Amino acid sequence: AADACGGPEALAVRYYETVAEMVTALKPEIVAHLDLIKRNATLAGFADLSLDSPRIRRAALIALEAVEASGGILDLNTAGWRKGLGEPYPAPWLASKAKRMGIPFCFGDDSHSPTQVGSGLTAARLYLLNNGLSAITFLTRTPGSVVGTEMMRQTVAL
């Protein structure tokens with residue numbers, strides 16, 4: 001994939017462009033794993049690739065602008081720690097930029113088994129606080145509503 005795109009940096013740029021296109025087209029309520037490309041880069045042996053080069057940052061900003069325009073919520077996902085990345089999704093520079101843009105966050109743990117449910121949420125809270133965020137947003141349904149109906153947002157202090 002990196003060769004087809006013109007190298008690892010170009011692949012990362014295309015990844016963020018695709019995220020922006022997806023968010024614009026589908027307008028998901030929650031956008032998860034915003035910078036999943038960092039895990040894929042590590043797995044592909046591009047661990048030395050700086051995923052915050054100016055070109056990649058511009059593409060990531062366009063993805064964040066799409067999230068902002070769609071009214072989406074970013075998932076602060078703890079799986080990055082569990083998978084050995086040393087940080088959650090998204091990276092600190094993306095979390096700080098999203099905060100400045102007013103994009104809300106929710107928590108996610110990418111559970112793949114019952115033992116992973118809630119994994120890293122205490123650290124996630126501190127991560128958000130350390131990146132200037134003081135609230136978390138979550139979705140609820142009104143009593144008696146059915147799947148597929150619009151969700152209500154609630155925001156609470158961290």
Item checked: Stretch gain in nm, segment V156-R58, where the contour uses 0.36 nm per residue and the Cα spacing is subtracted -> 32.2 nm
Notebook entry, point to check: Given the convex hull of the Cα atoms of region 18-158, what is a quarter of its surface area in nm²?
Noted result: 9.4 nm²
Check: Relative contact order, percent, of the chain when contacts are C-alpha pairs under 8 Å separated by at least 6 residues?
Finding: 19 percent
Notebook entry, point to check: In Å², what does the accessible area per residue of the chain work out to with a 1.4 Å probe?
Noted result: 53 Å²
Note to self: Can you list residues from other chains, or at least 5 along the same chain, whose modelled amide H is less than 5 Å from the amide H of H33?
What the structure shows: D75, N77
Check: So for the chain, taking the charge dipole from beta-carbon charges (+1 Lys/Arg, -1 Asp/Glu), which of G84, G102, M22 sits furthest toward the positive end?
Finding: G102
Next item on the list: For region 69-141, give the percent of accessible area contributed by carbon and sulfur heavy atoms, probe 1.4 Å, rounded to a whole number.
Entry: 54 percent
Check: What distance in nm separates the simple spin-label points at E21 and T140, each placed 7 Å from Cα in the Cβ direction?
Finding: 3.9 nm
Next item on the list: With both partners inside the chain, how many of the DSSP beta bridges are antiparallel, as a percent to the nearest 5?
Entry: 55 percent
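The values are calculated or read from the model by the stated rules, or taken from the named source; none is laboratory data. Note that the structure is a prediction, hence the values are computed from the model and not measured. We place every Cβ from the backbone using ideal geometry, glycine too, and count neighbours over all the protein chains shown. For the accessible areas, the whole protein counts, side chains as well, though only heavy atoms, and no ligand, DNA or RNA atoms are used. Shrake-Rupley method; radii C 1.70, N 1.55, O 1.52, S 1.80 Å.
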